[in-house]
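Asker: Quick one: structure below, then a few questions.
Values in this text are rule-based calculations from the coordinates and carry no lab data. All values reported here derive from a predicted model rather than from experimental measurement. Note that we place each Cβ from the backbone using ideal geometry, even for glycine, and neighbour counts take in every protein chain shown.
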Amino acid sequence: MKSITVFCGSSFGSDEIYKEQATLLGETLAKQNIQLIYGGADVGLMGAVADGSLNTGGKVVGVLPHFLKSKEIAHKELTELILVETMHERKTKMNELCDGVIVLPGGYGTLEEFFEMITWAQLGLHKKPIAILNIDEFYDDLIKLVQTMVDKGFLKHVNRDMLLISNDIDELLNMMKNYEAPTVGKWISKEEV
């Protein structure tokens, strides 16, 4: 993998472990020569993952809508900052630039970005690995909800299994490097599940 998009919060959250792991992820990507693509801000986990990569000699590309440039405070040390008009353009550009996606803790925006990327994968619009770094069990309830979607017949097993999950950065990157997208899409028969 040459580049990974990271979606994460513009806040640090309530526990230091979120910042520590975001920074470590940035460092690890840099050490593995994987370019970081992220939301372009200098605040919260977004700033931590970017700083982790930059301080380890990594390349970091930020993608930021014009209207957020002052609110999220654009990072000034990036390899490249790409300014776009809308949030949708931001996600589209980040998708175009990456070979896979990692989701860290965050709020509504992070979840919206994650669900759009996994939905695009489910629909066959891309074959990239989508991964959750489940820091301190942050996403456990979401993972349970995804299983409920399967149990209640709203999500196929094959589509649930597209989601890669680990609380360990190296393990998660290995899973992503070995990922093979399913050969079937969203609309398969019950016999094929």
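Asker: Determine the sum of side-chain charges near residue 142: Lys and Arg each +1, Asp and Glu each -1, restricted to other residues whose C-beta is under 14 angstrom from that of residue 142.
Answerer: Working: positive: 144, 160; negative: 112, 113, 136, 137, 140, 141.
Every neighbour counted, the sum reads -4.
Asker: While we're here: Would you calculate the convex hull of the Cα atoms in the stretch 127-174 and tell me its volume per residue in Å³?
Answerer: About 68 Å³ per residue, rounded to a whole number.
Asker: Let me ask something additional. Explain nothing, just the number: dipole magnitude of the chain about its Cα centre with +1 on each Lys and Arg Cβ and -1 on each Asp and Glu Cβ, in debye rounded to the nearest 20.
Answerer: Values: 19 positive and 28 negative charges, 130 e Å.
Its charge dipole is roughly 620 debye.
Asker: Further, regarding this structure: Going by alpha carbons, how many degrees (0 to 90, nearest 10) lie between the helix axis of 16-31 and the longest principal axis of the chain?
Answerer: 90
Asker: For the chain, what is the calculated [θ] at 222 nm in deg cm²/dmol (nearest 500), taking -39500 (n - 2.57) for each run of four or more DSSP H residues and dividing by its residue count?
Answerer: On the way: 7 runs with 78 residues, N = 193.
For the chain, the value works out to -12500 deg cm²/dmol.
Asker: With an 8 Å Cα cut-off and a minimum separation of 6 or more residues, compute the relative contact order for the stretch 1-84 in percent. Numbers along the way, then the final one.
Answerer: Numbers: 182 pairs, mean separation 25.0, N = 84.
The normalised contact order for the stretch 1-84 reaches 30 percent.
Asker: Taking 0.36 nm per residue of sequence separation and subtracting the Cα-Cα distance, how much length would be gained by fully extending the chain between residue 116 and residue 79, in nm to one decimal? Please list the in-between numbers first.
Answerer: Working: separation 37, 0.36 × 37 = 13.32 nm, distance 2.61 nm.
Extra length from residue 116 to residue 79 when fully extended: 10.7 nm.
Asker: List the residues whose amide H sits under 5 Å from the amide H of residue 35, counting only those 5 or more places along or on another chain, with H placed 1.01 Å from N in the peptide plane.
Answerer: When sequence neighbours closer than 5 places are left aside, the close amide H contacts are 3, 4.
Asker: On average, how much area does the Cα convex hull of the chain cover when viewed from any direction, in nm²?
Answerer: 10.3
Asker: Now a separate question. Specify the inter-centroid distance of the stretch 93-132 and the stretch 27-89, based on alpha-carbon positions, in whole Å.
Answerer: 16
Asker: Identify all aspartates and glutamates with a Cα-Cα distance to residue 2 below 14 Å; exclude those on the same chain that are fewer than 8 residues away in sequence.
Answerer: Answer for residue 2, where 14 Å is the Cα cut-off: 96, 99, listed by chain and number.
Asker: When the Karplus curve 6.51 cos²θ - 1.76 cosθ + 1.60 is applied with θ = phi - 60°, which whole-Hz ³J(HN,Hα) does each residue of the stretch 116-127 get, with x for Gly and Pro?
Answerer: Running phi through 6.51 cos²θ - 1.76 cosθ + 1.60 with θ = phi - 60° gives 5, 5, 6, 5, 4, 5, 4, 7, x, 6, 8, 10 Hz.
Asker: Place +1 on the Cβ of every Lys and Arg and -1 on the Cβ of every Asp and Glu in the stretch 28-115, take the dipole about the Cα centre, and give the residue among 63, 73, 110 whose Cα lies farthest towards its positive end.
Answerer: 73
Asker: Have a look at the DSSP beta bridges in the chain and tell me what percent are antiparallel, nearest 5. Don't jump to the answer; show the numbers that get you there.
Answerer: Values: 1 of 22 bridges.
Expressed as a percentage, antiparallel bridges in the chain total about 5.
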